[in-house]
1. Being among the polar types (S, T, N, Q) and at pLDDT 90 or above is the requirement here; does SER86 meet it?
2. Of the residues in the range 212-222, how many are more than 22 Å from ILE95 (Cα to Cα) and crowded, with 20+ Cβ neighbours inside 10 Å?
3. Got at least one residue in the range 241-249 being part of a helix (DSSP H, G or I) and at pLDDT 75 or above?
4. In the set THR55, THR38, which member is in a helix (DSSP H, G or I), in contact with a Ser or Thr (Cβ under 9 Å, 6 or more places away or on another chain) and surrounded by fewer than 24 Cβ atoms within 10 Å (Cβ to Cβ)?
5. Just one of (1) closer than 15 Å to VAL193 by Cβ; (2) outside any helix (DSSP H, G or I) trips up THR64, so point out which.
6. For the range 1-19, state whether one or more residues are of a type in the set (S, T, N, Q), modelled with pLDDT under 90 and part of a helix (DSSP H, G or I).
7. Over 19 Å from LEU240 (Cα atoms) and not in a helix (DSSP H, G or I) - does that describe any residue in the range 176-184?
8. If you check THR72 against the conditions, is it under 19 Å from ILE146 (Cα atoms) and in a helix (DSSP H, G or I)?
Amino acid sequence: MTWTTSDMILIGAIGLLGGTLGGLLGLGGSVFIIPALTICFGANQHLYHAAALITNVFVAVAATLRHRGRGTIRRDVVPIAVTAGSIMAIVGVLISNLIPAKPLMAFFGAFLCYCTVAELIAISRRLPDHEESPDQRTPRWLAASIGGIGGVAAGLLGIGGGAIMVPLFRKVARLPVRQAVACSAATMIGACVIGAFAKNLTVHTLRDPAGELLSTEASLILAALLSPAAMLGGNLGALLVYRLPLALTRCVLAMLLGFAGVRMIISGLGN
């Protein structure tokens, strides 16, 4: 697959915006990047999946470095969540490789619609944030469960897993929102590194919707176009976590994801 200069500029812009939203909301960025690529360049779920997992690593690293300086990364949570997430990311990749590209795209679209509804419900309820407590400890089994669920999602859909982990860290582990975002970003590093290796080592065995075999080279090129801008965006988004109210940003993102999700479902279920 070849990219024109205008294509490369557009891909960089997608990476920048996706990384910014990812860093701001504790996502990997690919929750926005994959549907944006699909809308702009057509369906190619497995290729975007493989490239997005690489890009997620850069977004997560940039965001985590910002959060580290703020002291919001929980040491009782992250090591266990990273370990479980990394293992389960391989499981997610192996499952994704068994699903043809178009049904996988429809499944991803359904996941985006779920994210939209969950975000809008959370915003409308205006629930108060949990208070920070220096004595609070999250049970190991709970941290491992949340990390494992995020890892499966990362490997299966090419996302960072934050769209699932942030709500779970907040509602189940009862972490304050900034700690939930920071722990999600840190967990994504391990899950996406392992998931990226697994997906890119096997992507040459998969086919695009037209039936053509994919290549690892195409995935690496796409990731190289996305990652620098996405890493810059992840750094910016993580900085904005501490400076902007999140409600408006979350509402805009939810609407974008809902639009993209419906588009992907229609395309994935079409002939």
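1. Working: among the polar types (S, T, N, Q): yes; at pLDDT 90 or above: yes.
Yes; evaluated as a whole, the condition is true for this residue.
2. Count: 1.
3. Our first condition is that a residue be part of a helix (DSSP H, G or I); within the range 241-249, this holds for 246-249.
Filter again for at pLDDT 75 or above, leaving none.
No - not one qualifying residue is present in the range 241-249.
4. Working: THR55 fails: surrounded by fewer than 24 Cβ atoms within 10 Å (Cβ to Cβ).
One residue alone meets the criteria, THR38.
5. Against the list (1) closer than 15 Å to VAL193 by Cβ; (2) outside any helix (DSSP H, G or I), THR64 comes up short only on (2).
6. So in the range 1-19, the residues of a type in the set (S, T, N, Q) come out as 2, 4-6.
Now drop any that are not modelled with pLDDT under 90, which leaves 2.
So of that shortlist, the ones also part of a helix (DSSP H, G or I) come out as none.
No, that holds for no residue.
7. First, the residues of the range 176-184 that are over 19 Å from LEU240 (Cα atoms): none.
There is no residue in the range 176-184 that is over 19 Å from LEU240 (Cα atoms) and not in a helix (DSSP H, G or I).
8. On the way: under 19 Å from ILE146 (Cα atoms): yes; in a helix (DSSP H, G or I): no.
Spelling it out, it is not the case that THR72 is under 19 Å from ILE146 (Cα atoms) and in a helix (DSSP H, G or I).
The values are calculated or read from the model by the stated rules, or taken from the named source; none is laboratory data. Because the structure is a prediction, the values reported are computed rather than measured. Positions of Cβ are generated from backbone atoms using ideal geometry, with glycine treated the same way; all protein chains shown enter the neighbour counts.
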